[in-house]
Amino acid sequence: MGPGMDSDMPYVELQTLTNFSFLEGASHPEELAIAAAALGMPALGVADRNSLAGVVRAHVAAKQAGIRLVVGARLDLADGPGVLVYPRDRAAYGRLSQVITTGRRRAEKGECRLTRDDLADLGADQVAVVLPPDAPDPQFAHDLGEVRERLGGPVYLAASARYDGRAAERLAALAVLARQAGTPLVATNDVIAHGPQRKPLADVLTCIRLGTTIDAAGWQLAANAERHLKPPAEMARLFARHPDAVARTLDIAEACTFSLDELRYDYPREVADGEDPQAVLERLTWAGAAHRYGGAMPDRVTVQLRHELTLIQQLAYAPYFLTVHDIVRFARSRGILCQGRGSAANSAVCYVLGITAVDPSRADLLFERFVSPARNEPPDIDVYFEHERREEVIQYIYTKYGRDRAGL
C-alpha cells in the first residue's frame, strides 16, 4: 500500500465500451454489469462510441445485479477529443439523444459526425469527461479549453494507467493540465471487456475492424490485457498519488441520477388543441359500434366496450389507438388492403374501429391479454398492409409525422 491509498475507497468505472461499440467492445453489457457488481462497484458507467445502444441491456442487467447504471455515451469529435457525456436527468438524456441523432444523420450509414459546436446543444445538465490523446499532443491543452467553453455543465479530465512504463509520468502531467484547465482529474481504466480473458477476442475484433490478420497486425493490437474492469482496491493502487481522481468517480455517479426507468411512451397527439383524446376515441368507438351492429348491439358488447374504454383511459392509451385508427383509415380510403392481427383481435374497441375483423363477442377472448395494468407495458397493435402498396402507407406516416419523428 502506498501513502494516502485507501483499499476500501469506492470506485465506479465510467469509461466502458460494450459490444454495441461494434468491433471494439469485447463483452456484452450483461457480462460487464455482473462483473462490476462482483468487484464491489456500486455503479457502472456505460458510454458506447457515438451511441446509446448498449445502455438498455446494461440497465436491465445492472438492476438484476443490484448496482446502478450510469447512462452515457462517448462522443468522438471530428475537430476535437473524445468526450464521455453522462446526463443528469431526463431532459439531459433527451438532448444527448438528439445530438447523437444529428451526428448520425449528417454522416454515412454507420458513421457519426460531431464537432465542438454540437456540444453546446447538450445543455448544462450533463457531466462531461474529456479523454486525452494516447500520445502527448501540444494541441490538446487548447482543445480541452475549447471543449470546456462549449459545455455548460461540469467538465472533468480522464486519466488511465497505460502499463507502458510511463504511467506515473503521464498521470502527473495530466494532473497538472487538469489543475490549469479547471477540469478535475478522474480515474478510468478505458474498459473494453469485463475480464482479461477477453483479450484474444478483442484482438480478433481489432483485426476485423482494420482488415488485417492476427499474424500481420503487430503493434496495431493492444500491448496487454489490462483494459478490463478492475476492483476498487486495484484502481486505488494505480492512482495512489491521485486519490481524489478515484473518489471523483463516485461523485459523478451520484450526480447522474437519470435512469431508463424514467422513460415513457410519448404518443403523437392526434386531436386538435382543446380536444380530449379519450373523448374522441369514445366518440369514434360508439359510432363504429353502431356501424358494426346497427341497432342490434348485444348487451355484452356494450359492457365490453365500456370496460375496455375505462381501462384505456386509466392507462392513457387513447392517443395510440387514435394513431393506429388514423393509419388504417388512410389505407382504407386509398383502397389498400389491411388487417389487424394478434392479441389486438381480443379487443372490441379495435373491432368497432375497423382495425381488426374478428368480433370478439363471438368468441371467449380475453381483452387483458392485449391491454392490462398488470402487464406494465403499452399495447402492440400489429396491422398488415398489402405488400405492393405498403410503401404508400409508409410515405403517409413520414409526411404526417415528419422524417425526424418516424422510422422503420
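Looking at Glu254, is it over 25 Å from Pro138 (Cα atoms) and in a loop (DSSP other than H, G, I, E, B)?
Details: over 25 Å from Pro138 (Cα atoms): yes; in a loop (DSSP other than H, G, I, E, B): no.
No: the conditions fail for Glu254.
Between a first residue in the range 72-101 that is touching a residue at least 12 places away in the same chain (Cβ under 8 Å) and under 13 Å from Cys112 (Cα atoms) and a second residue that is hydroxyl-bearing (Ser, Thr, Tyr) and open to solvent by less than 10 Å² (accessible area, probe 1.4 Å), which pairs have beta carbons less than 9 Å apart while being 6 or more apart in sequence or on different chains?
Between residues of the range 72-101 that are touching a residue at least 12 places away in the same chain (Cβ under 8 Å) and under 13 Å from Cys112 (Cα atoms) and residues that are hydroxyl-bearing (Ser, Thr, Tyr) and open to solvent by less than 10 Å² (accessible area, probe 1.4 Å), the close pairs are Ala73/Tyr86; Arg74/Ser21.
With (1) under 37 Å from the mean Cα position of the chain (by Cα); (2) touching a residue at least 60 places away in the same chain (Cβ under 8 Å); (3) over 15 Å from Ile355 (Cβ atoms) as the list, and Ile327 as the residue in question, which single condition is left unmet?
Here Ile327 meets the rest and fails (3).
Just to be sure before I move on: is Val371 outside any helix (DSSP H, G or I), touching a Phe, Trp or Tyr at 6+ places or on another chain (Cβ under 8 Å) and crowded, with 19+ Cβ neighbours inside 10 Å in the structure I sent? I'd like the intermediate steps shown before the answer.
Values: outside any helix (DSSP H, G or I): yes; touching a Phe, Trp or Tyr at 6+ places or on another chain (Cβ under 8 Å): yes; crowded, with 19+ Cβ neighbours inside 10 Å: yes.
Considered against the rule, which asks whether it is outside any helix (DSSP H, G or I), touching a Phe, Trp or Tyr at 6+ places or on another chain (Cβ under 8 Å) and crowded, with 19+ Cβ neighbours inside 10 Å, Val371 comes out as yes.
Kindly establish whether Ala92 is within 26 Å of Asp137 (Cα to Cα), open to solvent by less than 10 Å² (accessible area, probe 1.4 Å), among the small types (Gly, Ala, Ser) and touching a strand residue (DSSP E or B) at 6+ places or on another chain (Cβ under 8 Å).
Taking the combined requirement at face value, the residue does not satisfy it.
This table checks each residue for (1) in a helix (DSSP H, G or I); (2) in contact with a Leu (Cβ under 6 Å, 6 or more places away or on another chain); (3) open to solvent by 50 Å² or more (accessible area, probe 1.4 Å).
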residue	(1), (2), (3)
Glu169	yes, no, yes
Ala172	yes, no, no
Leu177	yes, no, no
Asn189	no, no, no
Arg198	yes, no, yes
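Could you list, ordered by first residue, the pairs with Cβ atoms under 7 Å in which the first is in the range 218-241 and under 15 Å from Leu39 (Cβ atoms) and the second is open to solvent by 30 Å² or more (accessible area, probe 1.4 Å) and among the polar types (S, T, N, Q), at least 6 apart or interchain?
Close Cβ pairs satisfying both conditions: Ala233/Ser7; Ala236/Ser7.
Yes/no per residue for (1) under 18 Å from Ile67 (Cβ atoms); (2) modelled with pLDDT of 90 or more:
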| position | (1), (2) |
| --- | --- |
| Thr249 | yes, yes |
| Ile252 | yes, yes |
| Cys256 | yes, yes |
| Asp261 | yes, yes |
| Tyr265 | no, no |
| Asp273 | no, no |
| Pro277 | no, yes |
| Trp286 | no, yes |
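Out of (1) within 32 Å of the chain's Cα centre (by Cα); (2) at pLDDT 90 or above; (3) open to solvent by 60 Å² or more (accessible area, probe 1.4 Å), the odd one out for Asn376 is which?
(2)
Please count how many residues of the range 62-87 are open to solvent by less than 10 Å² (accessible area, probe 1.4 Å) and part of a helix (DSSP H, G or I).
1
Name the residue that is most open to solvent (accessible area, probe 1.4 Å), counting only residues in the range 109-124 that are within 20 Å of Arg88 (Cβ to Cβ) and of a type in the set (Asp, Glu).
Among those residues, the one meeting the criterion is Asp121.
The values are calculated or read from the model by the stated rules, or taken from the named source; none is laboratory data. Since we're looking at a predicted model, the values are computed, not measured. Quick reminder, even Gly has a Cβ in these numbers, built from the backbone with ideal geometry, and neighbours come from all protein chains shown. For accessibility, only protein heavy atoms count, side chains too; no ligands or nucleic acids. Shrake-Rupley method; radii C 1.70, N 1.55, O 1.52, S 1.80 Å.
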